[in-house]
Amino acid sequence: MNALDTLKNLSSQMTFEADGEPRCFNAKERDSAFTHRAQLPNGKSILLLKTLLSSACERDCFYCPFRAGRDFRRATFKPDEFAQLFSKMYQRGMAEGTFLSSSIAGGGIRTQDQLLDTAEILRKKYHYRGYLHLKIMPGAEKAQVYRAMQLADRVSVNLEAPNTDRLARLAPHKIFIEELLNPLKWIEEIRQSTPAHYFWNGKYPSTVTQFVAGGADESDLELLSMTDWLHKNVRLKRAYFSAFHPIQDTPFENKPAVHPMREHRLYQASFLLRDYGFDLEDLPFAKDSNLPLDADPKQAWAQMNLIEHPIEINKAEKRDLIKIPGIGLKGADSILNARRLGKLRDLSALKKLGILAERAAPYLLMDGRKPAAQLALFSLSPAI
Ligand code: SF4
């Protein structure tokens, strides 16, 4: 196999995450492209190549297409081979960044070394200065995590499940605390003990993780409790949720797929926890500890808490404004700026600020009055 065939092979079964929306390459895309659009932590959108260094895995996670013993053609890049190929793709504008992971072959330490060698060759031999996301392998050592942080813009450890018991149902040979959670803690320990200029571009790399939502029959409460803990304790930038879907010829091939809306609700709830000052107990979990699929969690919270106690838009602080459905972080800033020039008296003033005024209306007061009465008029007259 030449390097391009190896890349085709390794990309062929990968699940891609573009802006948090996982998708699989179909056959046409597989032959014509290896990249997808992804948003960087700074908001810039780039063409990202997400691939494995090797698909020859020695482990047997129940959900995974690369598990040992599954019958398909495996492929492996040598570090210099991948670095050279990616460097050419980068120079030709075919890719603007890469997310490099691997199956485990010869143990986590050896596999991590292969990833680190590839990153080092890219940075030092090919002088690549673009975006690099490196996966930390289960079983990697702390010194390897440190080295990854010196080479990458982002590092990730996939927890896959929210705790030890749930992980055992998904991946019998992964050890939750020692192999997965500890590396996330090490990243934060290293950040706290080492100045930023020791790391790539003089900055600490961001950290993310991924869960297989529904793979271990865990609840949303379990997933979001762990996500909340990670935000608060190891400065996790973001948790990705990938709704479980069965792969043929794996032990989970007959397990039903998880509804994609569950993934969406988990993202919404995790952003409320991370950015909007919500606590776990604010989220509208049902009796089974899952979020209802048919309700936006912010709207459900507002229905319970703001209908009787609407928020005065001309007086509220930002932390209260962002609790109103239809008002995001930017919208709240726009309201605060607009208030310096005068009172906001009707929904059209909110709409001009880019706010979803109809959505917000039931939960707010404008100069002491409920704007609900304006709604009928407002919806009849979009030019207002
Ligand atoms: S270790 Fe990774 S690649 Fe290997 S079977 Fe598990 S999830 Fe798949």
Listed with the fewest Cβ neighbours within 10 Å leading, Lys125, Lys298 appear as Lys125, Lys298
Sorted by chain and then number, the residues having a modelled amide H within less than 5 Å of the amide H of Ile311, at least 5 places away or on another chain, are Leu364, Leu365
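In what sequence do Tyr146, Tyr90 fall when counting other Cβ within 10 Å, fewest first? The partial results should precede the final answer.
Details: Tyr146 16, Tyr90 20.
The fewest-first ordering by Cβ neighbours comes to Tyr146, Tyr90.
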Largest fluctuation, Ala332, Ala143, Ala168 only, Gaussian network model of the chain with Cα springs under 10 angstrom, belongs to Ala143
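Please figure out what share of the DSSP beta bridges in the chain is antiparallel and state it in percent, rounded to the nearest 5.
Numbers: 11 of 35 bridges.
Percentage antiparallel, nearest 5: 30.
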Farthest towards the positive end of the dipole of the chain, among Ala269, Trp200, Thr51 and with Cβ unit charges of +1 on Lys and Arg and -1 on Asp and Glu, lies the Cα of Trp200
Per GNM of the chain with C-alpha springs under 10 angstrom, the most fluctuating residue out of Pro138, Pro41, Pro79 is Pro41
Least to most buried among Arg238, Arg191, Arg92, by other C-beta atoms within 10 Å and fewest first, runs Arg92, Arg191, Arg238
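Hull surface divided by four, with the convex hull built on the Cα atoms of the range 117-210: how many nm²?
On the way: hull surface 24.2 nm².
Computing the convex hull of the Cα atoms and averaging its projections yields 6.0 nm².
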Here, the range 53-143 modelled as identical Cα point scatterers in vacuum has Debye log10 I(q)/I(0) at q = 0.11 Å⁻¹ of -0.33
The base-10 log of I(q)/I(0) that the Debye equation returns for the range 306-380 at q = 0.21, 0.25 Å⁻¹, one scatterer per C-alpha, is -0.83, -1.23
Measuring from the longest principal axis of the C-alpha atoms of the chain, the long axis of helix 260-275 (C-alpha) lies at a number of degrees, nearest 10, equal to 70 degrees
For the chain, the Cα convex hull volume per residue in Å³ comes to 173 Å³
Extend 7 Å from the Cα of His173 along its Cα-to-C-beta direction; within the range 99-143, residues with backbone N under 11 Å of that point are 104-108
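Bear in mind these aren't lab numbers, they're just calculated from the coordinates by the rules spelled out. Quantities reported herein were computed from a predicted structural model and do not represent experimental measurements. Quick reminder, even Gly has a Cβ in these numbers, built from the backbone with ideal geometry, and neighbours come from all protein chains shown.
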